[in-house]
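Values in this text are rule-based calculations from the coordinates and carry no lab data. Computed from a prediction, not measured in an experiment: that's the story for all the values here. In this analysis, Cβ positions are derived from the backbone assuming ideal geometry, glycine residues included, and neighbour counts consider all displayed protein chains.
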């Protein structure tokens, strides 16, 4: 095998992975191979089992699908339907068609250069439908270029077979066995839980295999994903996919920078919302015509207390002077009522005494019925005991019936077993007779077989041994016959040689004058050949004797292989029959014992006795029920009702007497009070006057209003109603009006709406970040012990607390640190874009010497993308400011970003977009790579200048070579430029081309293969079954495999197969 300068794949291997048990794809020495097969057979999926997963260890979507940003390009593909199913790491292992429910598998690639051998691989255990249970472990094995580093992946390290399933080692077994086998050469990396990837593996491969950092390795993996977009490598009629791909490979802005800026912008918006909530609570200090909610509550509370004071005190005070007269009339009315009540009390007391006497008679009757109830309770106990005995009796009878049924079933099984035993013995005898008949035809076998059963199996073993002896004899006879035949051949050869030599001697010496030399040589020749012939003949005689001896020793030496196999088959059949007979005999013995045990249990149950006991229990129960019915007829069912009714009558009379006495006491009290009514009313008026004076201090503390001033004010505004109740009702209506207003200001009725005026006080406090000041649940406004209306909180204190916690005014001041970080990062990356373009152009200029075609690329900022639409995102003035390294403030750029953030936020609010959707759209719009289009230009000999390559050019105008150069070569430069910067000289240079060159003619596709070779790439290419002429280029070796889909009918798990259909050598 020729060793290459770079690490070149020598084998791609799968073990219990995808639709393969054991697969080894071995490229040619240059690492090239091609996969052909019908559409949907799984060509791309097979490559995905290695790329780009083993490059940087990423197994999450979209590692096995279209690269990010290339989805719309891949949707245009018509060659196959991969877009219908999204591949995941789990489906890669379990299979896409009739997937396995659970599987442990391995994927690894072995690479070799002149300096070393490297294995990159992954193992995993997957459960279908439970991706979070997936366990992954990556591994790297490094050794010198001569080492065999094939890892141990299967149980007992057995030899792999393509179509045979052999269980895989689990993770711990795999790591332990390979650690023992390879020692320090073996490195394992266990991925964290929850289906995450291993960053340690990525870092190790980057540093030790490629000689780069992790970011560069991930950029290489992204480039591979771009090249997996079939519509690109097939040869597109649209230049935009290649442009988008080149932009997509550039390093994105770190996500934390974008996220931090968006978070700060959202924080600014949140502050502005809080400011509005502050204004709603305490008012806008710049607009005094709009008082805050708390000031409105304070004013309404003052009005509420004034109306409360009028209704609760002042009206009473005003009316009591009118009641100081009329005391004499009131005194006469009281005396009349007192006499009427005393007569009623005497009558009610007489009725109550009669009820007590009747209650005593009913109680005596109740005692006489207690003995009858005791007898009923005794009979109910008898019923309960016999019902329990009857239940136990029924259980035993049920068990008896169940045992009887089991005996019948067991007896049937026993009879069946005996019948099977008889048949087996009969069959054994028949087979034994056949064996005896067969062995009697062979002298060496017949004596080994007798009819004694005790030695029968050993006799069969002796016959087996004799059959092996016959085989050994036949092999030895074949060898001896071969040697005997060789001896005969030597004898004839010596005779022929003697005659030829005699003739030669005679011809040579005949011209000599003397004949003595001829005579001497002829005699010597005869003697030499005679001696050799005797020796050969003796050997032949000895061999023939040995042959005859062997035939005499084993007279059955001529027994045919079919005859031996027939006897062997009979012996195996008889041994199996004897084993079956022994098992049936043991089974019959066990079944007999089971039947006996069941019969024993049946015998222990006396069914006749149980029937008698059941009848006896039922008779006793019926007798007890009859006695209970007799006793119940003796009980007066209405007695309890009579007692209850009489008690209720007595209770009612007692209550009525008490009520009358209470009324009597009330009237007497009123009589006593009447004497001092005038004095009391005078005191009440004075007291009301004092209360009003005190209430005025709480109601309007900012006014120095005396009682007389308030009384004059109240009289001026007093509208006399028909009654004082009407007047008080009017006051209560006003009180309720202002109380309702306060409650609405604290807790608006429609608080579920998001408008400020419909938010509760607690909602506003929560919105401004002061939940600790939230109002307690309960009545929002109520009267205290002094009858003064108060809110459940101190309005002015709450207002001051809110003012004390007001944040510094930050209106329209987005935090600049995060915006600065983003703007500086984008400025640096846009400058790096130009370096990226320069690098591509330098590589294109080198390629020009090979193809003679001049191509350049440039950035066109007039053609960017926003909201998935082509547009001019940034104008020339803004672009100039971004590129100006000396302008650190970048006001235009910052305003541009703030406007973008504000526009997206308003759109999200108007459309009620999900927050994740908004963030996803923002991240797209903030990606500097979509603000420009990478334009491709090709030199025109006719005009003498570079012209833009558009869709018309790549679809018809340009030549085949120019079209391929303007699309695919540009894409190939991406991994080449990355790999050229790697520190490891033998870093792997791999490419995967899906549906390569479908739209190129054969010559141009072959030219591209030569460029792959020039760039030192090892390439895996997929093509349809009948379309691989483009793979056959002189000077570019390639091995072509054909994939055939396994059988998936009836829900079978298909196992695909591969076969080499040709090697195209350089």
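For a footprinting-style exposure proxy, rank 112, 905, 401 by other Cβ within 10 Å, fewest first.
401, 905, 112
Just subtract the alpha-carbon distance of residue 482 and residue 156 from 0.36 nm times their residue separation and send over the number in nm, one decimal.
Working it through step by step, the gained length comes to 113.1 nm.
Hey, what angle do you get for helix 677-699 against the long axis of the chain, alpha-carbon based, 0 to 90 degrees rounded to 10?
40
What ranking, highest mean first, results for peptides 723-733, 130-140 when packing means the other Cβ atoms within 10 Å averaged over each residue?
Per-residue Cβ counts within 10 Å, averaged per peptide and sorted highest first, yield 130-140, 723-733.
Determine the equivalent ellipsoid of the stretch 557-690 by diagonalising the alpha-carbon gyration tensor, then write out the semi-axes as square roots of 5 times the eigenvalues, largest first, rounded to whole Å.
Semi-axes (√(5λ), whole Å): 109, 40, 8.
Against the longest alpha carbon principal axis of the chain, how many degrees, from 0 to 90 and to the nearest 10, is the axis of helix 707-716 turned?
Computed tilt is about 90 degrees.
How far is helix 456-509 tilted, in degrees, relative to the longest principal axis of the Cα atoms in the chain, given as a value from 0 to 90 rounded to the nearest 10?
Here the helix axis deviates by roughly 40 degrees.
I'm a student and want to see the number: the projected area of the Cα convex hull of the chain, averaged over all directions, in nm².
With the hull built on Cα positions only, its mean projection is 98.2 nm².
Measuring from a point 7 Å past the Cα of residue 411 along Cα-to-C-beta, which residues in the stretch 590-625 have an amide N at less than 20 Å?
In the stretch 590-625, the label zone of residue 411 (backbone N under 20 Å from the point 7 Å along Cα→Cβ) covers 590-608.
Say each of residue 606 and residue 790 gets a label point 7 Å from the Cα, pointing the same way as Cα to Cβ; how far apart are those two points in nm?
9.0
Could you give the nm distance between label points at residue 1029 and residue 558, where each point is 7 Å from its Cα heading toward the beta carbon?
About 6.5 nm separates the two model spin labels.
Using Cβ counts within 10 Å as a stand-in for footprinting exposure, how do 182, 996, 1017 rank, fewest first?
182, 1017, 996
For residue 550 and residue 724, calculate 0.36 nm times their separation in residues minus their Cα-Cα distance, and state this gained length in nm to one decimal.
Gain on stretching residue 550 to residue 724: 47.9 nm.
Fewest first, what order do 421, 971, 7 take by the number of other Cβ atoms within 10 Å?
Sorted ascending by nearby Cβ count, the order is 421, 971, 7.
Can you tell me the order of 354-360, 761-767 when each peptide is scored by its average per-residue count of other Cβ atoms within 10 angstrom, highest first?
Listed from highest to lowest mean packing, they are 761-767, 354-360.
Limiting things to C-alpha atoms, what are the Rg and the maximum Cα-Cα separation (Dmax) for the stretch 360-450, in angstroms?
Cα radius of gyration and Dmax of the stretch 360-450 are 38.4, 125 Å respectively.
Extension gain residue 597-residue 697, at 0.36 nm per residue separation less the Cα-Cα distance, in nm?
Fully extending the segment from residue 597 to residue 697 adds 25.7 nm.
Given points 7 Å out from each Cα along the Cα-Cβ axis, report the residue 945 to residue 663 separation in nanometres with one decimal.
So the label points at residue 945 and residue 663 sit 12.1 nm apart.
Regarding the stretch 460-558, what are the three Cα extents along the principal axes, ordered largest first, in Å?
Principal-axis extents of the stretch 460-558 (Cα, largest first): 82, 15, 12 Å.
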